[in-house]
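Q: My questions all concern the structure below.
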Amino acid sequence: MRIIAGTNKGRTLKAPKWDGLRPTSDKLRETLFNIIAPYLDGARVLDVFAGTGAIALEALSRGAAAATCIEHDRRAALLIEDNRERCGETERCVIIRDAVERALLTPVAGGPFDIVVLDPPYEYAAIENAVRDAATQRATGGLLVLEHASRVVPPAPAGLVATRTVKSGDSALTFYS
């Protein structure tokens with residue numbers, strides 16, 4: 001895993017050494033950032049189910065002003081800490097170690113966010129609630145993106161419209177407005 005573009009281009013990120021954490025592939029991350037590139041300059045980014053922190057750190061490398069990672073797993077939060085240090089982003093990348101279900105119920109520090117990206121485990125049961133609650137963290141006109149298994153129909157919580165889905169192998173990105 002590496003940072004694909006920007007000020008930290010080529011920087012290697014640590015990957016998990018345990019089962020159960022599925023980092024976003026470099027290819028899918030590149031697809032995501034090619035699509036959201038026009039919105040990144042100076043953006044505040046929320047990386048939900050952050051895992052390795054790769055989404056947040058890629059956003060910072062490409063011009064985002066700040067990034068916040070929400071991750072419940074202690075090992076993953078430590079991995080994000082390692083990765084943000086590798087990228088020199090200890091000041092601009094905040095880690096919130098909490099359950100997503102609880103963290104999204106109140107305004108997350110650093111928000112509202114211009115870009116919110118959710119990358120839950122593909123078998124996560126409460127995905128519709130997570131998407132709905134994450135949408136409340138967006139700034140007016142902000143983007144909401146869900147990574148999910150391509151075989152799964154993305155949720156459609158009340159008040160949100162899936163405007164685009166991009167598939168890449170076993171994964172897909174769905175964009176909401």
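Please treat every number below as a calculation from the coordinates, not as lab data. This one's a predicted model, so the numbers in the text were calculated from it and none came from an experiment. Because the Cβ atoms are built from the backbone with ideal geometry, glycine has one as well, and the counts that use them run over all protein chains shown.
Q: For residue 95, list long-range residues whose amide hydrogen, built 1.01 Å from N in the peptide plane, is under 5 Å from its own amide hydrogen.
A: Residues meeting the amide H criterion: 69.
Q: Pick out, from 162, 117, 150, the residue whose Cα sits farthest towards the positive end of the charge dipole of the stretch 59-177, with +1 on the Cβ of Lys and Arg and -1 on the Cβ of Asp and Glu.
A: Result: 162, furthest along the dipole toward the positive end.
Q: Still on this structure: Which entry is the computed semi-axes √(5λ) of the Cα gyration tensor in Å for this structure: [x] 25, 20, 15; [y] 28, 17, 15; [z] 21, 17, 17?
A: [z]
Q: Please report the net charge: other residues with Cβ closer than 12 Å to the Cβ of residue 98, K and R +1, D and E -1.
A: Spelling it out: positives minus negatives among the neighbours equals 0.
Q: Calculated FRET efficiency, residue 12 and residue 158, Cβ-Cβ r, R0 30 Å, to nearest 0.05?
A: 0.10
Q: Whole-Hz ³J(HN,Hα) for each residue in the stretch 124-129, computed from phi via Karplus 6.51 cos²θ - 1.76 cosθ + 1.60 with θ = phi - 60°, x for glycine and proline: what do you get?
A: 4, 6, 9, 5, 4, 5
Q: If Lys and Arg each add +1 and Asp and Glu each add -1, what is the summed charge of the other residues whose beta carbon sits under 14 Å from the beta carbon of residue 160?
A: So the environment of residue 160 carries a net charge of +1.
Q: Any idea what the relative contact order of the chain is, in percent, if you count C-alpha pairs under 8 Å spaced at least 6 apart?
A: 18
Q: Stretched out fully, how many nm does the piece from residue 2 to residue 102 gain, at 0.36 nm a residue minus the Cα gap?
A: Length gained, residue 2 through residue 102: 33.0 nm.
Q: If you don't mind, there's one more thing I want to ask. Tell me, what ³J(HN,Hα) does each residue in the stretch 66-71 have, in order and in whole Hz, if you take phi through Karplus 6.51 cos²θ - 1.76 cosθ + 1.60 with θ = phi - 60° and put x for Gly and Pro?
A: 7, 9, 10, 10, 10, 8
Q: Only four residue types carry charge here, +1 at the Cβ of Lys and Arg and -1 at the Cβ of Asp and Glu. Report the dipole size of the chain about the Cα centre in Debye, rounded to the nearest 20.
A: Dipole magnitude for the chain comes out near 320 debye.
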